[in-house]
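What follows is a set of notes on a single structure, which appears directly below.
The values are calculated or read from the model by the stated rules, or taken from the named source; none is laboratory data. Being a predicted model, the structure only gives us computed values, none of them experimental. Every residue, glycine among them, receives a Cβ derived from its backbone with ideal geometry; neighbour counts consider all protein chains shown.
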């Protein structure tokens, strides 16, 4: 997957709002929550100029929170690890964090497997409350320390 990663465009945000995932991943549909801090969102475009996913980076010096999403029709096709690592490399170059953290819904086992294969491990658990979904358990994962 050859990607170009750059600041998310307004068109990209509009496209993401139309993304629909099959249950239970509909939790991640693009219009569930309004986009906060659009300056922290970056688009990932393929060689044809199509938006294939997004990355979200929230600096928490000296660390960084990392979020991401792959376009619904590209999920479940074995692209997750490569997509994840491309964003991680971009984040390391741009922000130079000491450590990278991510937060993932506990039910999202396929994402958890990708993150584990990338060298991340669960460091804590928490519950977030959503109007549409109620209480949702989350995992905080971080890069394993050497």
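Residues that are within 17 Å of residue 24 (Cα to Cα), surrounded by 17 or more Cβ atoms within 10 Å (Cβ to Cβ) and in contact with a strand residue (DSSP E or B) (Cβ under 7 Å, 6 or more places away or on another chain) do occur in the stretch 111-120.
Conditions tested, residue by residue: (1) loosely packed, with under 15 Cβ neighbours inside 10 Å; (2) farther than 19 Å from residue 108 by Cα; (3) in contact with a strand residue (DSSP E or B) (Cβ under 6 Å, 6 or more places away or on another chain).
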site: 37; (1), (2), (3): yes, yes, no
site: 46; (1), (2), (3): no, yes, yes
site: 55; (1), (2), (3): no, no, yes
site: 60; (1), (2), (3): yes, yes, no
site: 68; (1), (2), (3): no, no, yes
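Scanning the stretch 115-125 for residues that are in a strand (DSSP E or B) and either under 27 Å from residue 86 (Cβ atoms) or in contact with a helix residue (DSSP H, G or I) (Cβ under 6 Å, 6 or more places away or on another chain) (or both) yields 120, 121, 122, 123, 124.
The set of residues in the stretch 21-33 being surrounded by 12 or more Cβ atoms within 10 Å (Cβ to Cβ) and out of contact with any helix residue (DSSP H, G or I) (no Cβ under 6 Å at 6 or more places or on another chain) consists of 25, 26, 27, 28, 29, 32. Quick test for you: out of 80, 76, pick the one residue that is surrounded by 12 or more Cβ atoms within 10 Å (Cβ to Cβ) and at pLDDT below 95. Result: 76 is the single residue among 80, 76 that is surrounded by 12 or more Cβ atoms within 10 Å (Cβ to Cβ) and at pLDDT below 95. Going through (1) loosely packed, with under 12 Cβ neighbours inside 10 Å; (2) closer than 20 Å to residue 144 by Cβ one by one, residue 99 falls short only on (1).
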